[in-house]
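Read the structure below first, then the notes.
The values are calculated or read from the model by the stated rules, or taken from the named source; none is laboratory data. Note that the coordinates shown come from a computational prediction; the quantities given were computed from them, not determined experimentally. Here the Cβ positions follow ideal geometry from the backbone for every residue, glycine too, while neighbour counts run over all protein chains shown. Just the protein is used for accessible areas: all its heavy atoms, side chains included, with ligands, DNA and RNA removed. Shrake-Rupley method; radii C 1.70, N 1.55, O 1.52, S 1.80 Å.
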Amino acid sequence: DTGVSQDPRHKITKRGQNVTFRCDPISEHNRLYWYRQTLGQGPEFLTYFQNEAQLEKSRLLSDRFSAERPKGSFSTLEIQRTEQGDSAMYLCASSGTGGEVSYEQYFGPGTRLTVT
Amino acid sequence: GEDVEQSLFLSVREGDSSVINCTYTDSSSTYLYWYKQEPGAGLQLLTYIFSNMDMKQDQRLTVLLNKKDKHLSLRIADTQTGDSAIYFCAVKAAGNKLTFGGGTRVLVKP
């Protein structure tokens, strides 16, 4: 296992369509995070899971966004009725628990979403 | 909420030292991070420092933390062309989320 993986890497969709992204964390990590990064900006936190429980959500996560982590392993992020403002890079990160390693968030390569 | 600020751009000659600066607002920040992002890629964790430390050194990287001024810096010794990238400062306060600055684009000139 070499790191956090995300699928797809790129997604182009028409406005109003639904999209779903997948994140596979580092295998022994039980914490998983989603961030969004728009062009020229730093990443912004969206949501956080510990195992299958979604423990923290940003106000950026509107009701069109939903994230799940059903078995405490991979996670999905769905955006319904996409808008042009949703165009961004969606980044997933994971971390372990116990001691210092719980503070190390490792990021995947991201999924770049373009809404036309 | 937390606010993290960075300068936008830094140009440095190959072989020189680079210093990237960051300021933050939340004095309860516990961990402070530096990430590197290359074009089209995700973020690579370079190093981080706990708030009870003033300095951390890791090979060519030196992190300095001034808690009084809420100022964090990253020094890269002997900067190489492969160090050209965007560098993000991030802080962790309450909860588990990281708050990122806007990034500093570092250009290394041969």
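Can you tell me the convex hull volume per residue for segment A:42-82, based on C-alpha atoms, in Å³ to the nearest whole number? Please list the in-between numbers first.
Values: hull volume 3.4 nm³, N = 41.
Spread over its residues, the Cα hull of segment A:42-82 gives 84 Å³ apiece.
By the equivalent-ellipsoid construction on the alpha carbon gyration tensor, segment A:9-116 comes out with semi-axes of 24, 14, 12 Å, ordered largest to smallest. Please identify which residues in segment A:52-68 have an amide N closer than 13 Å to a label point set 7 Å out from the Cα of A:Gln41, following the Cα→Cβ vector. The answer is A:59-62, whose backbone nitrogens lie closer than 13 Å to the label point.
Of the trypsin sites (Lys or Arg not before Pro) found in segment A:57-116, those that fall in a DSSP loop while having at most 14 other beta-carbon atoms within 10 Å are A:Arg59, A:Arg64, A:Lys71, A:Arg81. Over the Cα atoms of segment B:54-110, the radius of gyration divided by the Kirkwood radius equals 1.01; this is the Rg/Rh ratio.
Could you please state how large a percent of the accessible area of chain A is carbon and sulfur, counting protein chains only and using a 1.4 Å probe? Provide the component values of the computation, followed by the final result.
Numbers: 2500 of 5790 Å².
Result for chain A: 43 percent of the exposed heavy-atom area is carbon or sulfur.
B:Lys97 contributes about 80 Å² of solvent-accessible surface, heavy atoms of the protein only, 1.4 Å probe. Per residue of A:42-48, other chain Cβ atoms within 10 Å of the residue Cβ number 6 on average.
With the whole protein complex present, B:Asp26 retains an accessible surface near 40 Å², based on a 1.4 Å probe. So which of B:Lys36/B:Lys56; A:Lys11/B:Lys56; B:Lys67/B:Lys109; B:Lys36/B:Lys92 end up more than 28 Å apart, counting from Cα to Cα? Table pairs above 28 Å Cα-Cα are A:Lys11/B:Lys56; B:Lys67/B:Lys109. Pairs of C-alpha atoms in the protein assembly as shown farther apart than 30 Å represent 24 percent of all such pairs.
Computed over protein heavy atoms with a 1.4 Å probe, the carbon and sulfur contribution to the accessible area of chain B reaches 49%.
If r is the Cβ-Cβ distance from B:Asp26 to A:Ser66 and R0 is 41 Å, what FRET efficiency results, to the nearest 0.05?
0.90
Put simply, chains B and A cover up around 1600 Å² of each other's accessible surface, both sides summed, when a 1.4 Å probe is used.
On alpha carbon coordinates alone, what is the Rg over Rh value for chain B, Rh being the Kirkwood radius? Please list the in-between numbers first.
On the way: Rg = 13.3 Å, Rh = 13.9 Å.
Ratio of gyration radius to Kirkwood radius for chain B: 0.95.
At the residue level, A:Thr2 shows approximately 150 square angstrom of accessible surface with a 1.4 angstrom probe and all protein chains present. The modelled label-to-label distance between A:Glu28 and A:Thr116, using points 7 Å beyond Cα along the C-beta direction, is 4.5 nm. Taking every alpha-carbon pair under 8 Å whose residues sit at least 6 apart, chain A reaches a relative contact order of 36 percent.
Think of a 1.4 Å ball rolled over the protein heavy atoms: chain A then has 50 Å² of accessible area per residue.
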